[in-house]
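J.: Encoded as structure tokens, here's the structure I'll be asking about.
The values are calculated or read from the model by the stated rules, or taken from the named source; none is laboratory data. Quick caveat, the model's predicted, so the values are computed rather than measured. Neighbour counts run over all protein chains shown; Cβ positions are idealised from the backbone, glycine included.
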């Protein structure tokens, strides 16, 4: 009972934090995270670390909902109607953020990861930077959509941005799954093995995709056999996500990739419109809880070593995203507006980034896991303060905004 009461209070305080952030013209997510940081045992003595450790189950469940929501946003009919320019931009903006992050972090490894016992540049700093680069790939769809709605933007660039965001997040989950296994293999053995570094991660990703397909087909079929009632669809969807996540964890597969594929399959099969919208009534609550919990995991003692890592991640990701998107648009012969402004719309990051950071923290040994998580958490906060105004400015300058 005490556990549930505390969870309820965390959600209520998170909601208040979101309202305050909105009044300050900041994204709601920033308020959620700020409340979580204040509730961290390292900031205020309200919770203890044993309670925080118990929150991991809830965070993983919320991560499944986030993965499912991303999957439902990728529609086959939309992909068919877009040219190769979208694929070029998606690929280049992701690789730009990934590679520039690796290039910037590896030389600075000894300063960014002080006190972490590891090997040399090739056996430790390179694989860790490789993992952080993969986590730098995603863009926050919630922030992008909120900005588009705020200025009532419509047009080629707006459509391209929303599509690239969805595809980018899907690609990020795959890149992260591969990078995490490679990084873990390097750190545990100190050497690279094709079996542990390529074959096993590929098998893990393939198994996750198969599990997601099966779960998506199962839920879609069950919903089509039942009456068109929202509560029934919601319960079936949440149950399907929970089953998919439990099986993925039991089998050692990627939980978020399985949930993402499940959402994609369920929403794109016949009658999938209901499943694409099934979680809308609870998504807000899930986001509040997930971001508050992410903030609670923040360790203020690690900030002394994590702040430089956070700044470097922010700089490398923003430059890589914008430069990669611009290069991809040029390669595809896209219109001038896409070349100049699309990259700015891809800068915000939030939910998926923290979700992947959380999974990395759960997988890697200490103190590396905590240091990496705190660096990514602080970089997300910096990002949420700096990039939404830039993205809004890009929409206004592109000429696709209908109102200020």
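J.: Could we say that residue 276 is surrounded by fewer than 24 Cβ atoms within 10 Å (Cβ to Cβ) and farther than 30 Å from residue 46 by Cα here?
T.: Numbers: surrounded by fewer than 24 Cβ atoms within 10 Å (Cβ to Cβ): yes; farther than 30 Å from residue 46 by Cα: yes.
So residue 276 fits the description; yes.
J.: Among the listed residues 321, 349, which satisfies the condition of being outside any helix (DSSP H, G or I), touching a helix residue (DSSP H, G or I) at 6+ places or on another chain (Cβ under 7 Å) and either modelled with pLDDT under 80 or crowded, with 23+ Cβ neighbours inside 10 Å (or both)? Walk me through it before giving the result.
T.: Details: 321 fails: outside any helix (DSSP H, G or I).
Of the residues listed, the single one that is outside any helix (DSSP H, G or I), touching a helix residue (DSSP H, G or I) at 6+ places or on another chain (Cβ under 7 Å) and either modelled with pLDDT under 80 or crowded, with 23+ Cβ neighbours inside 10 Å (or both) is 349.
J.: Next question. Condition test on residue 95, is it in contact (Cβ under 8 Å) with a residue 24 or more places away in the chain and surrounded by fewer than 24 Cβ atoms within 10 Å (Cβ to Cβ)? Give the steps one after another, and end with the answer.
T.: Working: in contact (Cβ under 8 Å) with a residue 24 or more places away in the chain: yes; surrounded by fewer than 24 Cβ atoms within 10 Å (Cβ to Cβ): yes.
For residue 95, the condition - in contact (Cβ under 8 Å) with a residue 24 or more places away in the chain and surrounded by fewer than 24 Cβ atoms within 10 Å (Cβ to Cβ) - is met.
J.: Could you list, in sequence order, all residues of the range 266-284 that are modelled with pLDDT under 80, under 20 Å from residue 221 (Cβ atoms), assigned to a helix (DSSP H, G or I) and touching a helix residue (DSSP H, G or I) at 6+ places or on another chain (Cβ under 7 Å)?
T.: 274, 275, 276
J.: Of 261, 246, which residue is within 27 Å of residue 360 (Cβ to Cβ) and either buried (at least 17 other Cβ atoms within 10 Å of the Cβ) or touching a residue at least 60 places away in the same chain (Cβ under 8 Å) (or both)?
T.: On the way: 246 fails: either buried (at least 17 other Cβ atoms within 10 Å of the Cβ) or touching a residue at least 60 places away in the same chain (Cβ under 8 Å) (or both).
The match here is 261.
J.: Any residue in the range 315-329 that's more than 11 Å from residue 137 (Cα to Cα): show its pairings with residues that are outside any helix (DSSP H, G or I) at Cβ separation under 6 Å, as long as the two are six or more apart or on different chains.
T.: 325/346
J.: Residue 376 passes all but one of (1) part of a loop (DSSP other than H, G, I, E, B); (2) under 20 Å from residue 114 (Cβ atoms); which number fails?
T.: Status for residue 376: all satisfied but (1).
J.: Quick one: would you say residue 64 is within 27 Å of residue 161 (Cβ to Cβ), under 21 Å from the mean Cα position of the chain (by Cα) and modelled with pLDDT of 80 or more?
T.: Numbers: within 27 Å of residue 161 (Cβ to Cβ): yes; under 21 Å from the mean Cα position of the chain (by Cα): yes; modelled with pLDDT of 80 or more: yes.
The answer is yes for residue 64.
J.: Is it the case, given these coordinates, that residue 282 is closer than 20 Å to residue 358 by Cβ and surrounded by fewer than 21 Cβ atoms within 10 Å (Cβ to Cβ)? Reasoning before the result, please.
T.: Working: closer than 20 Å to residue 358 by Cβ: yes; surrounded by fewer than 21 Cβ atoms within 10 Å (Cβ to Cβ): yes.
Judged against the criteria, residue 282 is a match.
J.: List pairs: first in the range 265-282 and in contact (Cβ under 8 Å) with a residue 40 or more places away in the chain and at positive phi, second assigned to a helix (DSSP H, G or I) and surrounded by 20 or more Cβ atoms within 10 Å (Cβ to Cβ), Cβ under 7 Å, 6+ apart or cross-chain?
T.: Pairs that qualify, where the first residue is in contact (Cβ under 8 Å) with a residue 40 or more places away in the chain and at positive phi and the partner is assigned to a helix (DSSP H, G or I) and surrounded by 20 or more Cβ atoms within 10 Å (Cβ to Cβ), are 271/220; 271/223.
J.: Restricting to the range 285-318, give me the number of residues that are over 30 Å from residue 237 (Cβ atoms) and either within 16 Å of the chain's Cα centre (by Cα) or crowded, with 18+ Cβ neighbours inside 10 Å (or both). Break it down into steps so the answer makes sense when it comes.
T.: If we filter the range 285-318 for residues that are over 30 Å from residue 237 (Cβ atoms), which is where we start, we get 298-318.
Imposing the further condition that a residue be either within 16 Å of the chain's Cα centre (by Cα) or crowded, with 18+ Cβ neighbours inside 10 Å (or both) reduces the set to 298-299, 302, 305-306, 309-310, 312-314, 316-318.
Selection size over the range 285-318: 13.
J.: Another question, if that's okay. Going through 217, 209, 235 one at a time, which residue ends up being surrounded by fewer than 16 Cβ atoms within 10 Å (Cβ to Cβ) and closer than 23 Å to residue 169 by Cα? Break it down stepwise before answering.
T.: On the way: 209 fails: surrounded by fewer than 16 Cβ atoms within 10 Å (Cβ to Cβ); 235 fails: closer than 23 Å to residue 169 by Cα.
Of 217, 209, 235, the one residue that is surrounded by fewer than 16 Cβ atoms within 10 Å (Cβ to Cβ) and closer than 23 Å to residue 169 by Cα is 217.
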